[in-house]
Amino acid sequence: MLTRRIIPCLDVKDGRTVKGIRFEGLRDAGDPVDLARRYCDDGADELVLLDIGATIEGRGLFLEIVAKVARAVQIPFTVGGGIGSAGDVLRALHAGADKVSLNSAIVRRPELIEEVTELAGSQAIVAAIDARRSRTGWSVMTRSGSAAGPADAVEWAQEAARRGAGELLVTSIDRDGSGEGYDLQLLQSITGAVSVPVIASGGAGRDVHLRDALTIGGADAVLVAGILHYGRTTIPALKHYLAEQNIPIRP
Amino acid sequence: MIGIIDYGAANIRSVCNALERIGAGSFVSGDPAQLDRATRLILPGVGSAKSAIGMLRSRGLAEWIRLNGKPLLGICLGMQLLYEYSDEGSAPCLGMMKGTIHRFTGNDIKVPHIGWNTVRPTIPEPLFSGLEDGAYFYFVHSYFAAISPQTVAVTDHGGEFSSVVACGNIRGVQFHPEKSGPAGLRLLRNFIEHC
């Protein structure tokens, strides 16, 4: 049986892992290669590495880290942050990433999804959708939450899937870093509207939040960051809990 | 020496990293003359069947793969390419395994099939040496091979499909052993030592 995935996310800036609250206020959380290896040994099902510095100088350093992580772990990992073109995608894949997550770039130019699919296959592209509650539902934000994108996150999710994105990474900006739990209504709206796998992101603070995203929210995977980085819980503890809740989990 | 067949599209780095990890010598090439030096072959693959088979043909690799006779392991799309035909892009493939590759359908399953799923051997096979029944491997694919006489292990995603196939010294795995942690590394070692 296909299991649900726990995916630690490492936000990388200037060669270090950091974690912000609501996209701001960054705290240091260690060396990304060490953390990646530790999470892999702990039973992480995949990893995500986000380049949140995304400066020109930081770019080369980030790709070096991607190559080191590729040698250090034997599980799939996705890289994202500042990827603007098909060339950037290929550089990340050649450095050893299995998938790339695209956010602002595909909002700006949705055809990039088809271009990447043609070059590297659907499985290589994760459409990252940063959603913020609006009066009528959820709107899409880009550039780390600082600029407005499509007005309707659910419609954008459907379009991204239709264009060929293999997975959707759905982040609630309202919940990100809050520890109050994933936005279950947002997840339900999107998982009910697409047939590609959906990764829930933003808001995990306790084990029950993961369960709710995977059951009530209908998500196929959960992204976790702060809840792990500061030792509040561990991947084995989360997996043990989810298995007890009858959620299919890789031991 | 393992020859990793490079036809210009596949993400080959992770296969190289995994072989390095288990201390197996390997080289990457898209040239039949160089690949002739290999004792075993790995045909990796991501992307679409149609473009992959086109690239294999244009490099003179399709015919060479069919005829060289060395033990071969096809991974993911590399396994699907071994079949006669793929519905993905309506592409005639290498024809080393009987059958056609179809797309997953059904309202109750997610497509692509992405994540860790169990692999249940249906007949004894050296690739599974030392692996437990129902070990977890990492999958990512939208097309699949139906169960057939070549099936040696099955996986369930809205019904069972072939996750490992074997025919003579040709083998294919639908999952990515190079991305499947210790179980995947063990399977690669089994291919090198027992197949």
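The values are calculated or read from the model by the stated rules, or taken from the named source; none is laboratory data. The structure presented is a predicted model; accordingly, all values stated were derived computationally and were not measured. So basically every Cβ, Gly included, is an ideal-geometry build from the backbone, and we count neighbours across all protein chains shown.
The table below gives the values:
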{"quantity": "Residue count for the range A:94-117, restricted to those that are touching a helix residue (DSSP H, G or I) at 6+ places or on another chain (Cβ under 6 Å), over 17 Å from A:Val140 (Cβ atoms) and either within 9 Å of chain B (Cβ to nearest Cβ) or part of a helix (DSSP H, G or I) (or both)", "calculated": "7"}
{"quantity": "Residue list for the range B:109-127, filter: within 14 Å of chain A (Cβ to nearest Cβ) and part of a strand (DSSP E or B)", "calculated": "B:His113, B:Ile114, B:Gly115, B:Trp116, B:Asn117, B:Thr118, B:Val119, B:Arg120"}
{"quantity": "Residue that is surrounded by the fewest Cβ atoms within 10 Å (Cβ to Cβ) [pool: residues in the range A:17-36 that are over 17 Å from A:Leu223 (Cα atoms) and modelled with pLDDT of 85 or more]", "calculated": "A:Asp34"}
{"quantity": "Among (1) part of a helix (DSSP H, G or I); (2) in contact with an Asp or Glu (Cβ under 8 Å, 6 or more places away or on another chain), the one test that A:Lys239 misses", "calculated": "(2)"}
{"quantity": "First in the range A:151-173 and over 19 Å from A:Arg5 (Cβ atoms), second anywhere and small (Gly, Ala, Ser) and part of a helix (DSSP H, G or I), Cβ under 6 Å, 6 or more apart", "calculated": "A:Val154/A:Ser189; A:Gly164/A:Ser122"}
{"quantity": "Criterion: under 17 Å from the mean Cα position of the chain (by Cα) and at pLDDT below 95 - qualifying residue of B:Gly45, B:Gly54", "calculated": "B:Gly45"}
{"quantity": "Exclusive hit being within 22 Å of B:Leu185 (Cα to Cα) and either in a loop (DSSP other than H, G, I, E, B) or facing another protein chain (nearest Cβ under 10 Å) (or both), set B:Gly106, B:Gly130", "calculated": "B:Gly130"}
{"quantity": "Selection from the range A:201-236 of residues that are of a type in the set (Gly, Ala, Ser) and part of a loop (DSSP other than H, G, I, E, B)", "calculated": "A:Gly202, A:Gly203, A:Ala204, A:Gly205, A:Gly217, A:Gly218, A:Ala219, A:Ala225, A:Gly231"}
{"quantity": "Tabulated pairs, the range A:54-74, first more than 14 Å from chain B (Cβ to nearest Cβ) and under 21 Å from B:Ile22 (Cα atoms), second at pLDDT 90 or above and buried (at least 18 other Cβ atoms within 10 Å of the Cβ), C-beta under 7 angstrom, 6+ apart or interchain", "calculated": "none"}
{"quantity": "Residue count for the range A:236-251, restricted to those that are within 14 Å of another protein chain (Cβ to nearest Cβ) and modelled with pLDDT of 95 or more", "calculated": "7"}
{"quantity": "Filter result (away from chain A (no Cβ under 12 Å), more than 30 Å from A:Gly192 (Cα to Cα) and modelled with pLDDT of 95 or more) within the range B:133-150", "calculated": "B:Ile147, B:Ser148, B:Pro149, B:Gln150"}
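Yes/no matrix, rows are residues, columns are (1) under 24 Å from A:Val73 (Cα atoms); (2) within 14 Å of chain A (Cβ to nearest Cβ); (3) surrounded by fewer than 20 Cβ atoms within 10 Å (Cβ to Cβ):
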site: B:Ala153; (1), (2), (3): no, no, no
site: B:His157; (1), (2), (3): no, yes, no
site: B:Glu160; (1), (2), (3): no, yes, yes
site: B:Val165; (1), (2), (3): no, no, no
site: B:Gly168; (1), (2), (3): no, no, yes
site: B:His176; (1), (2), (3): yes, yes, no
site: B:Gly181; (1), (2), (3): yes, yes, no
site: B:Glu193; (1), (2), (3): yes, no, yes
